[in-house]
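Student: Sharing a structure below in structure tokens format, with a few things to ask.
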Amino acid sequence: MEQVPYAGQTLTRWRVGPSTFLALPERGARLMNWNLTLGDGSVRDVLYWPEQVDFAALAKVRGGNPILFPFNARVFDRGEIYHWRAADGVRRPMPMHGLARQGDFKIVRLDARGFVAQFMPGAEAQACYPFSYEFTVTYRFEAFGLSCEFALANLGTEPLPWSAGHHFYFTLPWSEGTTRGDYLIRIPASRRLRQDATGALVAGPQLRLEEPLDNPALLDALHLGLRSNEIVFGEKGRPGDVVMKLGTEKVPHPEATLVTWTLAPESPFFCVEPWMGPPNAPENRVGLHWVQPGDTQRFAVTVAAR
């Protein structure tokens, strides 16, 4: 573990076996890059990070793993985007993907295998989500992968709603001379949905268990009813698959959601995003979880390269 100056920031770098991880825990608990040194000495970026970054607009940087809390993607209140209505009936603002990815965190623990960071809500966060809580992000780094756990503790007297997630930007393609169509993803989902312009959940595409990653139907698809917690994607017929496990149970909660997305056909990344539930959970009540007073809920994800 070492401190690294970068673009006016001080980053932390971990080397664990052939893996190197680069993170900025204090800003959004952002894991920025994960790369693997292969047997021939070459380096493969597993998580994508762009060369030019404006840290003043970190929430807009497309790379690493932005933390989505308390809600994923776009929320609506009666058709009005970026608003939500809590149990008290009050309409409040809520930015795209919530508050954590652009928020400040306090380092609780930093060691040779990872970190624990606690969200420190500022004035905007308190106006959007005015509850008494403690939200922490714990990363654990391994030789060929990582685990990340969210923990939300309710310190107040009323049930606390949330539906959080990850926005992993995976480098793709990762082998020279290949295209997105040379890669397959295996998602054991029993149903697919999309979000319409009003925030409602509507029928999604008909997809097979395995699909090539250049299939445009994958974009913005919400995969639910997962029969297994394991999602696998990689280059056809070659080693190096990425294996993601959503949650700790072999079969996730039926409303747990995997999202597939990328910006454009030529983008150097493809996002595979494990969420606690689909977008607009406060209004649709799908994938919305409640933490009772005095309780703590957790959401864990692991990612490995094999």
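The values are calculated or read from the model by the stated rules, or taken from the named source; none is laboratory data. Remember, it's a predicted structure, so these values are computed and weren't measured experimentally. Every residue, glycine among them, receives a Cβ derived from its backbone with ideal geometry; neighbour counts consider all protein chains shown.
Student: How many of the residues making up region 28-79 are assigned to a loop (DSSP other than H, G, I, E, B), crowded, with 24+ Cβ neighbours inside 10 Å and in contact with a helix residue (DSSP H, G or I) (Cβ under 8 Å, 6 or more places away or on another chain)?
Tutor: Count: 4.
Student: Next question. Quick test of your reading of the structure: Phe150 fulfils all but one of (1) crowded, with 16+ Cβ neighbours inside 10 Å; (2) hydrophobic (A, V, I, L, M, F, W, C); (3) under 28 Å from Glu235 (Cβ atoms). Name the failing condition by number.
Tutor: Every listed condition holds for Phe150 apart from (3).
Student: Sticking with this one: Looking at (1) over 30 Å from Glu80 (Cβ atoms); (2) surrounded by fewer than 17 Cβ atoms within 10 Å (Cβ to Cβ), which is the only condition Leu263 fails?
Tutor: (1)
Student: Check His83 against each of (1) over 19 Å from Gly287 (Cβ atoms); (2) free of Cβ contacts under 8 Å to residues at least 24 places away in the same chain; (3) surrounded by 14 or more Cβ atoms within 10 Å (Cβ to Cβ) and name the one condition it does not meet.
Tutor: Here His83 clears every test but (1).
Student: If only one of Trp174, Trp162 is buried (at least 18 other Cβ atoms within 10 Å of the Cβ) and farther than 25 Å from Arg298 by Cβ, which one is it?
Tutor: Checking each option against the conditions leaves just Trp174.
Student: Among the listed residues Gly240, Gly287, identify the single one that is on the phi > 0 side of the Ramachandran plot and surrounded by 20 or more Cβ atoms within 10 Å (Cβ to Cβ).
Tutor: Answer to the selection: Gly287.
Student: Working only within region 1-27, note down all residues that are over 23 Å from the mean Cα position of the chain (by Cα) and not in a strand (DSSP E or B).
Tutor: Across region 1-27, the qualifying residues are Met1, Ala7, Gly8, Gly17, Pro18.
Student: Quickly run through region 22-45 and pick out the residues that are more than 19 Å from Lys106 (Cα to Cα) and of a type outside the set (S, T, N, Q).
Tutor: Listed by number, the residues that qualify are Trp34, Leu36, Leu38, Gly39, Asp40, Gly41, Val43, Arg44, Asp45.
Student: What are the residues in region 80-108 that are within 21 Å of Trp275 (Cα to Cα), in a loop (DSSP other than H, G, I, E, B) and either in contact with a Cys (Cβ under 8 Å, 6 or more places away or on another chain) or not aromatic (Phe, Trp, Tyr) (or both), if any?
Tutor: Ala86, Met94, Pro95, Met96, His97, Leu99, Ala100, Arg101, Gln102, Gly103 - these are the residues of region 80-108 that are within 21 Å of Trp275 (Cα to Cα), in a loop (DSSP other than H, G, I, E, B) and either in contact with a Cys (Cβ under 8 Å, 6 or more places away or on another chain) or not aromatic (Phe, Trp, Tyr) (or both).
Student: I need the full set of residues from region 158-217 which are of a type outside the set (A, V, I, L, M), in contact (Cβ under 8 Å) with a residue 40 or more places away in the chain and in a loop (DSSP other than H, G, I, E, B), in order please.
Tutor: The answer is Glu158, Pro159, His167, Phe168, Pro173, Trp174, Ser175, Thr178, Pro188, Thr198, Gly199, Asp214.
Student: Got a sec? Which of Leu68, Leu58 is under 20 Å from Phe135 (Cα atoms) and modelled with pLDDT under 95?
Tutor: Leu58
Student: Which of the residues belonging to region 248-306 are in contact with a Gly (Cβ under 9 Å, 6 or more places away or on another chain) and modelled with pLDDT under 95?
Tutor: If the condition is that a residue be in contact with a Gly (Cβ under 9 Å, 6 or more places away or on another chain) and modelled with pLDDT under 95, then Arg306 is the only one that fits.
Student: Go through region 109-123 and give me each residue that's in a strand (DSSP E or B), surrounded by fewer than 14 Cβ atoms within 10 Å (Cβ to Cβ) and without any contact (Cβ under 8 Å) to a residue 40 or more places away in the chain.
Tutor: Across region 109-123, the qualifying residue is only Arg109.
Student: I've got another one for you. For the condition closer than 19 Å to Ala305 by Cβ, in contact with a strand residue (DSSP E or B) (Cβ under 9 Å, 6 or more places away or on another chain) and not aliphatic (A, V, I, L, M), what is the one hit in Pro161, Pro188, Pro173?
Tutor: One residue alone meets the criteria, Pro173.
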